[in-house]
Every structure is written in C-alpha cells, then in structure tokens.
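No value in this document is a laboratory result; all are computed from the given coordinates. Since this is a predicted model, take the numbers as computed values, not measurements. Neighbour counts run over all protein chains shown; Cβ positions are idealised from the backbone, glycine included.
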Amino acid sequence: MSKLTILEYPDPRLRTVAKPVTRFDAQLQTLIDDMAETMYAARGIGLAATQVDQHLRLLVLDVSESRDALQVFINPELLDRSGTLQQEEGCLSVPEIYAEVKRAETVTVRAQDASGEHLEQQLDGLAAICLQHEMDHLQGRLFVDYLSPIKRDMLKKKLARQRRQPAESVSA
Ligand code: K2U
Ligand code: ZN
C-alpha cells in the first residue's frame, strides 16, 4: 500500500468531473487500499478519488471512533435525501479552512462495492454529511463553493498569504 498525494485548492484538477468505474479489478482494489491508507494517515474521515488525482467515481469513508470500519462507495448515486443539517466542515484539500455548510441530514445511496456488487444504504449524521461532501468532490465541487463571494475572496487572500509566508520566513 502507498500514501498518495492529496491535491490542494485551488489546483484545477480538483474541478475534474469523475468518470464511472467500469473495471472491478486488482488495480481498482490497489487504488482503494492506497486511498484508505492516505485518508487514515491524514486523519480524515473521508476521501474521494478526485483528491488523489484519480478521476473515477470512487470514495472511501470511515466515521467510526475506532477507525476500523472502512466503507467503499463506487459509482454512488443518491436515491433519497431528507432533513437538513448545518455543520462546520473542513477538507483535506483545503487545509486550515472551515465553514458552515447545509446538507441533507439523512440520505439513501445506491453504489457498488469493490467487487462490483450493488448495494443500497441509508446514512445519517456525520456519515451522511461525509458522503455528500465526497460526492461533491466527484463532481468537481468543493465545500468552499458554498461560501459567499466575499468569504471566498477572503479565503483566496488567506491562502495566498499562507503560501507566501514560508518563503518570507526562509528569507527573513
Ligand atoms: O474530503 C475530505 O477532504 C475529507 C473530509 C471529509 C469531511 C468533511 C466535512 C465533514 C465531514 C467529513 C475530512 O475528513 S475533513 C477532516 C474532518 C475530520 C473529522 C470530522 C470532520 C472533518
Ligand atoms: Zn474534501
């Protein structure tokens, strides 16, 4: 297994719309394993293939306290959603930025597992939020897209400062 590089905003590759998975083979299983390792190492509770520059409709998540309940969703589609939940979100591709996002509280998802078998599952709470966050990634959407234009502009300026800062500290 390998740790993969996570793309960071505003990398344009994060805007790629992922394509459906059609080959359920050993190469796909290796990508799943590497994504899981990358997610756990980054202390994330979800990761979409888009974030590791693999533009396939594949995501992994694990919202368990014990960090040993990996779930894999391939070619996910939402069949139903209900309720709303507003919660502060972060993103491994947008470090140190957090913002409130409104999402469905409960979702029913249809997807395939690593062997291509179809599954249908109802998720609620943090798992539902995480799934919707990851499915946004597969559409090239980021949680910062839900920010007001003013807040998004402030974010871009903050990230630009952060990126300049390391250089300044070296030259100082
Ligand atoms: O897609 C990612 O970057 C992974 C996110 C998933 C996520 C975002 C917001 C809300 C729930 C899940 C990371 O796991 S962000 C880090 C994190 C860790 C624990 C709880 C919330 C966010
Ligand atoms: Zn994210």
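Can you pull out the trypsin sites (Lys or Arg not before Pro) in region 2-102 whose DSSP state is coil and whose Cβ has at most 10 other Cβ atoms within 10 Å?
Counting only loop positions with at most 10 other Cβ atoms within 10 Å, the trypsin sites (Lys or Arg not before Pro) in region 2-102 are ARG23, ARG43.
Among THR108, GLN54, TYR146, whose Cα sits farthest toward the positive end of the charge dipole of region 12-163 (+1 at Cβ of Lys/Arg, -1 at Cβ of Asp/Glu, about the Cα centre)?
Among THR108, GLN54, TYR146, the one farthest towards the positive end of the dipole of region 12-163 is TYR146.
If you place +1 on the Cβ of every Lys and Arg, -1 on the Cβ of every Asp and Glu, and leave all else neutral, what size is the dipole of the chain about its Cα centre, to the nearest 20 Debye?
Approximately 960 debye in magnitude.
DSSP loop (so not H, G, I, E, B), at most 15 other Cβ within 10 Å: list which GluC sites (Glu not before Pro) in region 1-87 pass both filters.
GLU8, GLU65
Comparing SER148, SER93, SER82, which has the greatest mean-square fluctuation in the GNM of the chain with Cα pairs linked when under 10 Å apart?
Top of the fluctuation ranking is SER148.
Name the residues of region 48-66 whose amide N is less than 17 Å from a point 7 angstrom out from the Cα of SER115 along the C-beta direction?
none
Please report the relative contact order for the chain, taking Cα pairs under 8 Å with a sequence separation of at least 6, and give it as a percent rounded to a whole number.
Over the chain, the number comes to 22 percent.
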